[in-house]
Amino acid sequence: MNPYFICYKAALSTFGATPIPYPSPNTVLIFLIAYLIGSISTAVVVARVFNLKDPRSAGSNNAGATNVLRLGGWRAGLLTLIGDVAKGAFLPLLCVLYDRPLHAVMAAGVGAVLGHVYPIYFGLKGGKGVATGIGVLAVWHWPTCLIMLGTWLGTALLTRYASLASMLGFLMAAIYACLFTPLWAEPVLALSALILYKHQPNLKNLRAGTEPRLG
């Protein structure tokens, strides 16, 4: 057996997680379809419909709901949020409804978030995956999603920093998944790691005191 795969399984066993098997052709296809769906940048589409500045080069330079909210108001922001959540939930939910294997449901979620973050239709310059990740978590494991949302809401109300709320929300989701639902530990960790990685500029702004607040 590949030594890397042995180490990989050993690391997962720390949390009692079950490693995802090597993907089948059908799972790869589901992942690719999810990536293409995720690559539809709701923020850019809504900005064009509302005749707003391109969110990738205006405001916080992020193709996400919070930036569209700042650029175009609550209607544009809400539409972006709904679209981003929906594209995260759509294919994983379809996999569940059609009784696809669990690793296919996982692949659909990861593919959707990767597409949102690195959209092939928009020069690989997308959002940070928060709203799309919420849609994915809602289908994957709703208690983990509630942990994330509760943490986000509490942090946002206390600090008015959407970025800090998102980082802490997905960090808590990863910790919860590792401790209480090892079956989902690996995909939730992967999702959270990607979203936290995309928030590095926000972390620097928070340290410098230049991060914009909500409201």
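General remarks:
- Of the set (1) crowded, with 16+ Cβ neighbours inside 10 Å; (2) touching a Leu at 6+ places or on another chain (Cβ under 9 Å), all apply to residue 181 but (2).
- Residue 85, sole failed condition from (1) of a type outside the set (D, E, K, R); (2) touching a residue at least 40 places away in the same chain (Cβ under 8 Å); (3) buried (at least 24 other Cβ atoms within 10 Å of the Cβ): (3)
- Of all residues in the stretch 112-129, those satisfying the criterion of being assigned to a helix (DSSP H, G or I) and within 13 Å of residue 195 (Cα to Cα) are 112, 113, 114, 115, 116, 117.
- Residue tally, condition out of contact with any helix residue (DSSP H, G or I) (no Cβ under 8 Å at 6 or more places or on another chain) and in contact (Cβ under 8 Å) with a residue 24 or more places away in the chain, over the stretch 119-153: 2
- Considering the stretch 140-175, and only residues there that are among the aromatic types (Phe, Trp, Tyr) and within 26 Å of residue 201 (Cβ to Cβ), the residue that is surrounded by the fewest Cβ atoms within 10 Å (Cβ to Cβ) turns out to be 161.
- From the list 174, 185, 162, the one residue that fits, being free of Cβ contacts under 8 Å to residues at least 24 places away in the same chain and small (Gly, Ala, Ser), is 174.
- Residue count for the stretch 46-76, restricted to those that are in a helix (DSSP H, G or I) and either without any contact (Cβ under 8 Å) to a residue 40 or more places away in the chain or surrounded by 21 or more Cβ atoms within 10 Å (Cβ to Cβ) (or both): 14.
Throughout, read-outs are computed from the coordinates displayed, never taken from laboratory work. Computed from a predicted model, the values in this text were never measured in an experiment. Glycine gets a Cβ as well: all are built from the backbone with ideal geometry, and neighbour counts include every protein chain shown.
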